[in-house]
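Read through the structure below, which is laid out as structure tokens, and then see the notes.
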Amino acid sequence: MRLAVVLLTLCALVGAAFWLFGAPAPPPALIAGLPDDGMRGAPCPAGTLQEERARMKRGVSPPAAFGRKLRENFPLGSDAAALEALLTAQGFETFPPCPNDESVFGARWLSRRWGDPDAYVFWRANDNGKLTFLDGQVSRTR
């Protein structure tokens, strides 16, 4: 009997949480089906000589699938505002990725469900608002 009361209480609490907070959002269509690229880091200049040496040892990373998809949809020279509008519409939140380079912009989508990917987008735009750099990564590492 006590077990039944505990289970009913637990079900009520879970139901109340979904009612109050809603179910976690599914991953955006922009990243659906993309492989895990791992954490590649923001395209920021090295902050120290030690960090610069570590990057040189690591070498060049292969292009991420998400970055390729972004560049197909938004080739360099296209309007950065259109990229930002799409990211906002799909639930990405902007953030400053580089403390030592304010010219880099970033947006991220962080999953609230275990096993769903997180996604990060980084870009630079010139004075005319045209993209000069665009990359992204999908990561399932938690």
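Counting only residues that are of a type in the set (S, T, N, Q), more than 17 Å from Pro97 (Cα to Cα) and at pLDDT 80 or above, the stretch 47-62 holds 1 of them. Among the residues of the stretch 85-123, the ones that are touching a residue at least 60 places away in the same chain (Cβ under 8 Å) and either among the hydrophobic types (A, V, I, L, M, F, W, C) or over 13 Å from Met39 (Cβ atoms) (or both) come to 12 in all. Take the conditions (1) surrounded by 16 or more Cβ atoms within 10 Å (Cβ to Cβ); (2) of a type in the set (S, T, N, Q); (3) free of Cβ contacts under 8 Å to residues at least 24 places away in the same chain; Ser139 misses just one of them, which is (3).
Just one of the numbered conditions (1) within 20 Å of Ser139 (Cα to Cα); (2) surrounded by fewer than 11 Cβ atoms within 10 Å (Cβ to Cβ); (3) of a type in the set (Gly, Ala, Ser) is not true of Gly91: (2).
Of all residues being among the small types (Gly, Ala, Ser) and under 23 Å from Asp118 (Cβ atoms) in the stretch 32-46, which is surrounded by the most Cβ atoms within 10 Å (Cβ to Cβ)? Just the residue, please. It comes out as Ala42. Figure legend. Inter-residue proximity from the stretch 45-68: first residues closer than 28 Å to Leu83 by Cβ, second residues part of a loop (DSSP other than H, G, I, E, B) and small (Gly, Ala, Ser), beta-carbon distance below 8 Å, spacing 6+ or different chains. Indicated pairs: Arg55/Ala46.
The values are calculated or read from the model by the stated rules, or taken from the named source; none is laboratory data. Predicted model, so just to flag it, every value in this text is computed and none were measured. Every residue, glycine among them, receives a Cβ derived from its backbone with ideal geometry; neighbour counts consider all protein chains shown.
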